[in-house]
Amino acid sequence: MQGPVHLSDQRLDSSVCTLCALVCDSRLSLINHCTRRNRWLNSVSVNHRLVDRGEALEPLSDLVVDTETLIWLDACDVQTARAAVTLAKQTGATIHVGQSTGSHAVKSVMSNSGWFGTTLSEVAARAQLIVTLGDGVLTESPLLAERFFRSRTQVSQPQWFHISAHESSVSSASESQIAPNGRLHWPYATWFEQLSNLARNIQQPVSQQPELVTNEYTSSELLARLSSAEHVVWIWDIDDLHFGTDELIVRRMLSIASSLSETGRCSLLPLDMNVGRVTAEETLLWLTGCPGTACWQGDRWYRSPRYSGYSLDQWSDAFSKILLVSNLPSDRSLPNLPATVTLQSRPAVRQGEIQVASVGIECSGHLFRGDRGTVHFAQATQPHNLPSAAQMLTLLSQRARAAGTPEVTDAS
Amino acid sequence: MLVELQNCRVIDPTQPQLKGASSLLSSIWINDAHIVAPPNSGAADRNEDLGGAIVMAGGIDLHTHIGGGKVNLARMLMADVVGRNRAGKNHDSRESVTHPTGCIWPTTLNGQLYARMGYTACFEPAMMLTQARHTHLELADTPILDTGAYVVLGNEDWLLQALGSGVDDARLRSLVAWSVNASQALAVKVVNPGGINAFKFNQRALAVDQSHAKYGVTPRDVIRRLTAAVDDLGFAHPLHVHASNLGVPGNIESTLATLDAAEGRRIHLTHAQFNCYSGPFSKEDIGYAMGSGAAQLSRYVNEHPNVTLDVGQVIFGQTVTISADEGAQFRNREHATPNKFFLSDVECQAGCGVVPMLYSDKHYVHSLQWTIGLELLLLIDDPWRVFLTTDHPNGGPFTSYPHLIRLLMDRSFRHSMLTTIHPQAAARTLLRELDREYTLEEIAIITRAAPARILGLHDCGSLAPGKRADIVAYRAQADWEATFGSASLLLKNGVEVVRNGEVVSHAAAKRTHIARPDFDSADFAPWSSTIEQWLQVPASSLCISNDELAEISAGGL
């Protein structure tokens, strides 16, 4: 049996970086300029300790997954999500992909309205005006502007207009080498009102729009740019929206996109920085047909409406056991849930935590990018005997099967 | 193990000696995964008496959207709709999204529903390079069925730019071949050639001979160059073409121009019904903007042996339309039922449009579409060149194939249906004059033998010795819809997967059909940096290796 391994003196150079929505390929030279990645590399090389297989499996021995269990996917690759679905089907457990308020708001609008979307490469290739809303999109994805706002194919570079929520952070919001052509300060509390004004004014004929204030970036300057650009893209960090009512903010942006799309092109690009969440959502959807939450009941998958918009506390109260899964290298903290068992990529420090192989480091896995425009294969760069989350979940399925829970395979 | 299937009413158009012998009962012998000739002596290890059931090779659907990004978006958009059945009634008080009466399903149910109808292979026709992994992951999770996918080309910025500047044939072939190899595709599809890309530049229409505003290339150029490249590379399947102006009144003219653009080379027109409209007419002419172009298109196909088509039949009821043709879906959003849609530009290659649609037999255009599909199936003489599809789920779900087969085989049923559709569409259609009824042999051609042949699946679509033991038995029921709706037995690679209409096993091995065109890496080299400039990722990162594909397949549920 392999003993504990410390990687303090080894370079954790994964095939793709999973820390943010962009999923940068390690062969892109500018990845070395990513401040977020460099910070993570420094921290993980100090703290990264791999346990052996037997030690890792111990906390799993007492867990019995059943209908009272919630399988919470915080972040995972396709294969792990597949194994989680199999386990849920085998045991009647409920499977759920963790949602932030912002991601819930975007999906709610997207699935109930008309949506105008785009993907990252399209931004670089075609956008004439890029509007970034909120600071998260720049601080969470430090290479966004370098990779996708500097066109290598267009004759003229796109114009970039950044709307910051915090006055002090406007100038330091971006760590990139390129800077916005225009900046605007909208306190977070005013976003809905500001966007409503924009949406209303865009629907006016140009002659009735407010007079421009020159040499100063204001909402009217933004309005003028929006009205004159032939191809506009709005980009924001999906987790920059914090309140349930922020769905209205998304609706206002959609209203702007819809109006501009009558005669030109305007698209919305909400970036999800948790690519493991995107991956789990997509996989759950194709395997069960259920967005976000699914439960196998006898002969088919169901999505109970009662879980819609549940808070972490409500989830905690609704289930007696929670199996939390998060197997991507990450600098995010895990959701504050009273998990019975946590399968995680970081070293275990509390009871019930189990360290599993990290996707793209100790094991391979498929991951969606944060705009859902493409899927990457994150190859294992330092294969290790540490079990993967998928293996752990499969072990639980096998245990349930051995205990006599028959799996129904026909949905007739 | 040697198995004898006894008392089979064998329908196999690939074996000329069986022609006209469909009333005779005979045996089919199987050794493990393959059909074998009857042994000269000795008995089978197991006998299965099929009691005179109709026996055919496993069905093959050459155009069905069952996996990939657009399909998953449709699942998301329809999650609160498919809990109702296609007539709009709730079938269950709980919020189920996997009921067979829906129109789009999770992967597992796709495989099961196809298997129940006796299908053993299905092909996803719209796979983008950057989403190829997603497509293969979903196909791997589709049980029972052999699968494959067609890579979408013809709207990439790098390709249109090169065509506009006169790229030579060798370089173009290298790009096509690399794209197929990288994405592990079986064939090449073009969707609205150049038109999706033009829409990204806000050029909202692109006629066949109209120049792209940015790159100068015309749809005719794209079709001409790509049909040649596909032919020269030796693909079994011709260029699979979703033509320009889909859904537009009067598009029959651009459809025929698109077929002409192939200059006599092989070309496959897909979901032809949506590109088969006469007009545009003024209200004063006939009262409606469009009519049927089926007679024109059928005549063209009958006179041009280089042309094949699949129909894309419309079936009344709730469905969801999904297409890479974002511009067409932008127009269709006006008709969304329920009123929601998803449109997106995608990665400098194509677009994505998802629009729910409720086809009503009380609606003139929907009724017209219904008649056009049937007219095409009945007016094209050679059943080896016309394929039964609904372009699932665009015209309707694939589960309506048995109904469609009944419409083809039962003239009186077809004529009775005319009394239920919009009266103006019923009055104008040629269907009343068409007495043709498909024979069992012709059904076997359009649903298995011909798809196998045009896709180059040499060991499928036939019950001849040496072929895969993909075999379905249908017990005669009250009508053809009931007969073909439920297989009494389905063997996949010799393994029993369906009995009496119910899936009994997912254990049969699945295959991913791919093509492996050769190309000169020196010809491709310049493309690599161009693609990286457009996509901001190394071109090599798009390549799915054989090992990776095996890993994807092995991980499937």
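Key figures
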{"read-out": "Debye, to nearest 20: dipole size of the protein assembly as shown, +1 on Lys, Arg Cβ, -1 on Asp, Glu Cβ", "value": "720 debye"}
{"read-out": "Helix-derived mean residue ellipticity, 222 nm - over the protein assembly as shown, DSSP H n ≥ 4, -39500 (n - 2.57), to 500", "value": "-9500 deg cm²/dmol"}
{"read-out": "Spherically averaged projected area of the range B:172-325 from its Cα convex hull (nm²)", "value": "10.6 nm²"}
{"read-out": "Only Lys, Arg (+1) and Asp, Glu (-1) charged, at Cβ; the range A:246-333 dipole about Cα centre in debye", "value": "120 debye"}
{"read-out": "Long-range amide H partners of A:Trp160 with built H, under 5 Å", "value": "A:Ile130, A:Asn181, A:Gly182"}
{"read-out": "Distance histogram for the range B:419-472 (every C-alpha pair counted, 10 angstrom bins, percent rounded to whole numbers)", "value": "21, 31, 19, 19, 9, 0"}
{"read-out": "Listed peptides B:218-228, B:132-142 by packing density, highest first (mean Cβ within 10 Å)", "value": "B:132-142, B:218-228"}
{"read-out": "Residues B:Asp231, A:Asp77, B:Asp209 arranged by fewest to most Cβ contacts within 10 Å", "value": "B:Asp209, B:Asp231, A:Asp77"}
{"read-out": "Likely footprinting exposure, B:Tyr401, B:Tyr300, A:Tyr302, fewest C-beta neighbours within 10 Å first", "value": "B:Tyr300, A:Tyr302, B:Tyr401"}
{"read-out": "Averaged over A:372-382, number of beta-carbon atoms from partner chains that fall within 10 Å", "value": "5"}
{"read-out": "Cβ crowding within 10 Å averaged over residues, with B:455-461, A:310-316, A:143-149 ranked highest first", "value": "A:143-149, B:455-461, A:310-316"}
{"read-out": "Over chain A, volume per residue of the alpha carbon convex hull, in Å³", "value": "150 Å³"}
{"read-out": "Computed label-point distance, nm, for sites B:Ala525 and A:Tyr307 using a 7 Å Cα→Cβ extension", "value": "5.4 nm"}
{"read-out": "Net charge over other residues, Cβ less than 14 angstrom from the Cβ of B:His458 (K, R count +1; D, E count -1)", "value": "+2"}
{"read-out": "Rule-of-thumb Rg ratio for the range B:500-557 [Cα; 2.2 N^0.38 Å; N residues]", "value": "1.74"}
{"read-out": "Low-density loop positions, trypsin sites (Lys or Arg not before Pro), the range B:1-63 - DSSP coil, at most 15 other Cβ in 10 Å", "value": "B:Lys19"}
{"read-out": "Zero-based 5 Å bins, Cα pair distances in the range B:385-514, whole percents", "value": "2, 9, 14, 19, 22, 15, 7, 6, 4, 1, 0"}
{"read-out": "Antiparallel %, DSSP beta bridges [both residues in chain B], to 5", "value": "55 percent"}
{"read-out": "Compactness relative to 2.2 N^0.38 Å, alpha carbon Rg of the range B:172-243", "value": "1.14"}
{"read-out": "Radius, Kirkwood style, for the range A:99-173 when every pair of distinct Cα atoms is counted (Å)", "value": "14.0 Å"}
{"read-out": "In nm, spacing of pseudo-spin labels at B:Ala236 and B:Asn500 (7 Å Cα→C-beta vector)", "value": "3.6 nm"}
{"read-out": "The range B:243-296 - convex hull of alpha carbons, volume per residue in Å³", "value": "68 Å³"}
{"read-out": "Shielding by other protein chains, B:494-506, mean Cβ within 10 Å", "value": "1"}
{"read-out": "Value in Å of the Kirkwood radius, where the protein assembly as shown supplies the Cα pairs that are averaged", "value": "29.1 Å"}
{"read-out": "Equivalent ellipsoid semi-axes - Cα gyration tensor, the range A:319-412, angstrom", "value": "24, 19, 15"}
{"read-out": "Per-residue Cβ neighbour rank within 10 angstrom, fewest leading, A:Cys76, B:Cys8, B:Cys543", "value": "B:Cys543, B:Cys8, A:Cys76"}
{"read-out": "Taking the convex hull of Cα positions in chain B, its mean projected area over all directions (nm²)", "value": "25.0 nm²"}
{"read-out": "DSSP bridge orientation in the protein assembly as shown - percent antiparallel, rounded to nearest 5", "value": "40 percent"}
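No value in this document is a laboratory result; all are computed from the given coordinates. Keep in mind that what you see is a predicted model, and the values were worked out from it rather than measured. Cβ coordinates were reconstructed from backbone atoms using ideal geometry, including for glycine residues, and neighbour counts include every protein chain displayed.
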